[in-house]
Amino acid sequence: MSEHPEETEFFDAIYREASGNPVAIPWADMEPTSLLKRWLKESATPPGSAIVVGCGLGDDAEALAAGGWRVTGFDLSPTAIAWCRERFPDTEVDYQVHDLAGVPASWKGAFDLVMEARTIQSFPPERQTEVIGWISALAGSGGRVLVAAIGHRGTPRDIGPPWPVAEAALDAFLAEGLTLQEFSAHPSPWDGFEFFELEYLRP
């Protein structure tokens, strides 16, 4: 059961009303996140266990599986997860329906890689520190966390979702015991905002 049924209904309705048309899903690029594609190409990290937070239609999860990772992908939308299984009928990814606030206790500290793309910004600013805590908790010792988010450096957006993430708010990952390995900012399709890409390590 979802910890926040109103959020589940909000996002699941978007997937349901799309009626199988990914163009109707604003965040569905139908390809892996640019951060993950680059990381898989350049990183020397050997494959291990990976989890994709808010996996949507499954492109990041499938890219990791193709790279030899043992992958769990989860989303709070049952429709999204059913869509993943339909898109990739022979998948090796373990797709599951879960709310980030209520993932299985066995997942805490269980993964070598945590992939998070545009989930934090789905929550209002006053909840983003809590969300970062939930994401960070999934990474085990030596685990890495990849984060891709629309962000800002002092120009908040009052109406959402989404709510772009303040650069300073990302310090919550450091408070969770992670260390920043890489940070880059790129142009965003939204005027006044940037697209942040980050890699963290749990020592």
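Look at where the Cα atoms of segment 174-196 and of segment 6-23 average out, and the two centres are 27 Å apart.
Measuring gaps between exposed loop sites in the chain (GluC sites (Glu not before Pro); DSSP loop; at most 15 other Cβ atoms within 10 Å), the longest gap, sites not included, is 93-203. The Cβ shell under 13 Å around His152 holds other residues with a net charge of -2, Lys and Arg each +1, Asp and Glu each -1.
Sequence-ordered 3J(HN,Hα) estimates for segment 124-138 from the Karplus curve with 6.51, -1.76 and 1.60 and θ = phi - 60° stand at x, x, 5, 10, 5, 4, 4, 5, 4, x, 5, 5, 4, 5, 6 Hz, glycine and proline given as x. Fewest neighbouring Cβ atoms within 10 Å first, the residues Ile159, Ile135, Ile25 line up as Ile159, Ile25, Ile135.
When Lys and Arg each count +1 and Asp and Glu each count -1, what net charge do the other residues less than 12 Å away from Ser43, Cβ to Cβ, add up to? With Lys, Arg at +1 and Asp, Glu at -1, the neighbours total 0. Between Ala63, Gln96, Phe193, the Cα set farthest toward the positive side of the dipole of segment 5-201 (charges on each charged residue's Cβ, about the Cα centre) is that of Ala63.
Using the Cβ atoms and a cut-off under 14 Å, what net charge is assigned to the surroundings of Glu126, where Lys and Arg are +1 and Asp and Glu are -1? Net local charge, Glu126 excluded: 0.
The numbers here are math on the coordinates, done by the rules we state, and not lab data. The model shown is predicted, which means the values in this text are computed figures rather than measured ones. All Cβ positions, glycine included, derive from the backbone under ideal geometry; neighbour counts span all protein chains shown.
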